[in-house]
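Below you'll find the structure, written out as structure tokens, and then a few comments.
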Amino acid sequence: MDFVRGLVVRSLRGRDKGEFFVVLDSGAGEVIICDGKRRTLEKPKKKNPIHLAATNTLLDSMNTNREIRCALRSFSQNS
């Protein structure tokens with residue numbers, strides 16, 4: 001699975017297990033994610049891609065932390 005910018009993912013392992021994030025970047029063996037709340041655009045988290053489950057949703061607008069929080073809110077309520 002390719003982790004592209006804007007893809008919504010769910011964490012499978014770690015303290016943030018079950019939470020939804022947006023992919024900011026992916027590199028060699030790591031994916032950089034944020035949720036706009038605890039992990040902001042200014043302080044994103046590096047995560048191993050095998051610890052992430054991709055959804056079929058791709059976000060267009062990710063300019064501010066508020067836009068990311070609002071977009072991810074619907075995922076948190078559905079689970």
Item checked: Residue, modelled with the lowest pLDDT, within segment 53-76, restricted to residues that are of a type outside the set (Gly, Ala, Ser) and closer than 18 Å to LYS17 by Cα -> PHE75
Note to self: If I filter segment 4-25 for residues that are touching a helix residue (DSSP H, G or I) at 6+ places or on another chain (Cβ under 7 Å), hydroxyl-bearing (Ser, Thr, Tyr) and at pLDDT 95 or above, do I get at least one hit?
What the structure shows: yes
Next item on the list: Return yes or no: is ARG66 surrounded by fewer than 13 Cβ atoms within 10 Å (Cβ to Cβ) and touching a His at 6+ places or on another chain (Cβ under 6 Å)?
Entry: no
Check: In the list ARG10, ARG38, which residue meets the criterion of being more than 10 Å from the chain's Cα centre (by Cα) and among the basic types (Lys, Arg)?
Finding: ARG38
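The values are calculated or read from the model by the stated rules, or taken from the named source; none is laboratory data. Bear in mind the structure is a predicted one, so any value in this text is a computation, not a measurement. Cβ coordinates were reconstructed from backbone atoms using ideal geometry, including for glycine residues, and neighbour counts include every protein chain displayed.
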